[in-house]
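Here's the structure we're looking at; comments come further down.
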């Protein structure tokens with residue numbers, strides 16, 4: 001008996017083949033957790049997003065507000081700066097965005113300089129003694 005689940009070449013209904021996934025799927029992806037705010041092309045706030053996967057050409061994120069395939073979006077990514085792109089796919093509250101230009105995804109993983117982090121920290125959270133790193 002030939003079961004479709006046993007055939008690794010068989011796609012599930014609605015699943016995209018490797019050539020249909022777009023450039024973001026052909027780039028190495030890193031799993032991480034970053035918070036950002038999506039903005040529409042006209043500058044309108046589209047709500048918060050939790051970035052789950054990041055590559056040089058795109059990302060996957062959970063969004064708090066609905067977006068549509070083809071929407072133009074921008075967001076600030078820590079260590080990278082403002083990134084613009086197009087929503088390539090939507091599944092429930094998850095989206096895939098293809099960037100307009102490639103980024104260095106490792107820049108989002110680099111630690112924030114201690115002095116910058118402390119400078120933007122509220123007074124009640126700032127250490128009262130020097131922070132030593134080993």
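The values are calculated or read from the model by the stated rules, or taken from the named source; none is laboratory data. Predicted model only: the values in this text are computed from it and were never measured. A quick note on method: Cβ atoms are made from the backbone with ideal geometry, for glycine too, and the neighbour counts reach across all protein chains shown.
Okay, here's what the table says:
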quantity: Given (1) at pLDDT below 95; (2) at positive phi, index of the condition residue 55 fails; calculated: (2)
quantity: Members of the stretch 71-84 that are touching a strand residue (DSSP E or B) at 6+ places or on another chain (Cβ under 6 Å) and within 13 Å of residue 55 (Cα to Cα); calculated: 77, 83
